[in-house]
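**Student:** Sharing a structure below in structure tokens format, with a few things to ask.
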Amino acid sequence: MSNNTKKPLFDVVAIIGIGLIGSSIARAIKKYGLADKVYGYAKTDSTRNTAKKLGYMDEIYDNAIETVKDADLTILCTPVGANLSIIIQIGEHLKSGSILTDVGSVKGSVIRDILPHISEDITFIPGHPIAGTEFSGPESGFAELFQKKWCVLTPLDNCIEVKLNILIKFWQSCGMLVDVMSAEHHDLVLAITSHVPHLIAYNIVGTAADLEKVTRSEVTKYAAGGFRDFTRIASSDPIMWRDIFLNNKDAVLEMLGRFVEDLTALQKAIRWSDGDKLEELFVKTREIRKSIILKEDETNNYK
Ligand code: NAP
């Protein structure tokens, strides 16, 4: 229980999906005193039992409708491909006047799936806390996951400002910096900064594993530095990432097209021994790395 004596932002928060993100949110709500009660729903007995043992929720249900009916804030924390079937179940049982949000890594498809199944008195504000690890499940969450990370909200044109501000306050209270943008822009930015890099990691680890002239044991034995980093990324949850690529097709394909063009240019530079071209790019990318670290330091000092 929190020592916070201020009135919490919400009476009841419902969390649908108790994995890495859902369990981290529940823990953060308890740690920072953001709601009187936190209710959770998970699909399988094993997840529900683990979450019960860990004890960061007031009630854990095997019924999604029961979980959301009294909630002032409902947060969908399931893989994006599961949202449609869930909202069909719970849409008409959401509490009148409540806020519905999600944490999905894709925003356009989430809006497409959710919006037709909720009534006008529900304020739906799509969201994406850009914080995670390669681990999943209810035991992998922790309250500090969101500290000093960005959360993107993509409110719809008719969003009620007061409700948006409450949700912004909620994420800020979890330790996040909040940005507001369109769903389309979010999906394009995340395609190049997160989705395509994951696809490259999955691909390079797959290619290395398939090489016939280099044995699998050699890949494991000499996997230092860069390749080891790729294997960490490529161990991310298969269902979550399958759903991201299936639901952000357009933006991923556009960014992948650009990436392949640039890769072909590099291939040409290597073939023609164009060292200047290679060096020019590597100097530029080293500067980008420096500026990212500098930004992170600024963010840490700002908080
Ligand atoms: P996770 O650890 O695998 O947890 C997923 C949860 O969703 C589990 O509780 C699972 O229940 C439940 N679930 C799966 N399919 C379901 C279905 N069809 N119906 C009902 N419940 C279902 O996943 P996560 O990492 O927390 O990711 C959840 C969401 O957060 C995803 O949309 C992802 O895009 C987004 N996100 C992830 C990260 C990250 O780095 N992981 C970062 C930001 C945002 P059972 O365990 O009972 O099967």
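The values are calculated or read from the model by the stated rules, or taken from the named source; none is laboratory data. Every value quoted in this text rests on a predicted model; they were computed, and no experiment measured them. Cβ: placed from backbone, ideal geometry, glycine included. Neighbour counts: every protein chain shown. These accessible areas exclude ligands, DNA and RNA; they are computed on the full protein's heavy atoms, side chains included. Shrake-Rupley method; radii C 1.70, N 1.55, O 1.52, S 1.80 Å.
Let's see how each residue does on (1) within 16 Å of the ligand (Cβ to nearest atom); (2) of a type in the set (Val, Ile, Thr):
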site: THR215; (1), (2): no, yes
site: GLY225; (1), (2): no, no
site: SER235; (1), (2): yes, no
site: ASP243; (1), (2): yes, no
site: ASP250; (1), (2): no, no
site: VAL260; (1), (2): no, yes
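**Student:** Looking at ARG228, ARG286, ARG242, can you tell me which residue is closer than 30 Å to LYS107 by Cα and within 30 Å of the chain's Cα centre (by Cα)?
**Tutor:** Working: ARG228 fails: closer than 30 Å to LYS107 by Cα; ARG286 fails: closer than 30 Å to LYS107 by Cα.
ARG242 is the lone residue from the list that is closer than 30 Å to LYS107 by Cα and within 30 Å of the chain's Cα centre (by Cα).
**Student:** Would you list the helices (runs of 4 or more DSSP H) that sit entirely within segment 154-270 and hold 3 or more residues that are aliphatic (A, V, I, L, M)?
**Tutor:** Values: elements: 161-173, 183-190, 196-210, 216-221, 225-233, 238-247.
It comes to 161-173, 183-190, 196-210, 238-247.
**Student:** Run LYS163 past the list (1) within 19 Å of the chain's Cα centre (by Cα); (2) touching a residue at least 40 places away in the same chain (Cβ under 8 Å); (3) buried (at least 18 other Cβ atoms within 10 Å of the Cβ) and report the number of the one that doesn't hold.
**Tutor:** Every listed condition holds for LYS163 apart from (1).
**Student:** Give all pairs with beta carbons closer than 7 Å in which a residue from segment 132-143 that is outside any loop (DSSP other than H, G, I, E, B) meets a residue that is more than 8 Å from the ligand (Cβ to nearest atom) and open to solvent by 40 Å² or more (accessible area, probe 1.4 Å); count only pairs at least 6 apart in sequence or on separate chains.
**Tutor:** ALA143/ARG27; ALA143/LYS31
**Student:** Looking only at segment 27-56, count every residue that is open to solvent by 20 Å² or more (accessible area, probe 1.4 Å) and among the aliphatic types (A, V, I, L, M) and tell me the total.
**Tutor:** Counting residues in segment 27-56 that are open to solvent by 20 Å² or more (accessible area, probe 1.4 Å) and among the aliphatic types (A, V, I, L, M) gives 1.
**Student:** Let me ask another. It is to be established whether one or more residues within segment 193-204 are at pLDDT below 95 and away from the ligand (no atom under 16 Å from the Cβ).
**Tutor:** Our first condition is that a residue be at pLDDT below 95; within segment 193-204, this holds for 204.
Filter once more, so that each one left must be away from the ligand (no atom under 16 Å from the Cβ): 204.
The answer is yes, given that some residue of segment 193-204 is at pLDDT below 95 and away from the ligand (no atom under 16 Å from the Cβ).
**Student:** If we keep just the residues of segment 101-146 that are more than 14 Å from the ligand (Cβ to nearest atom) and open to solvent by 40 Å² or more (accessible area, probe 1.4 Å), which is nearest to LEU54 (Cα to Cα)?
**Tutor:** Once the filter is applied, the top-ranked residue is GLU144.
**Student:** Which of (1) outside any helix (DSSP H, G or I); (2) within 23 Å of ILE166 (Cβ to Cβ) does VAL106 not meet, given it meets every other one?
**Tutor:** Looking at each condition in turn, VAL106 falls short on (2).
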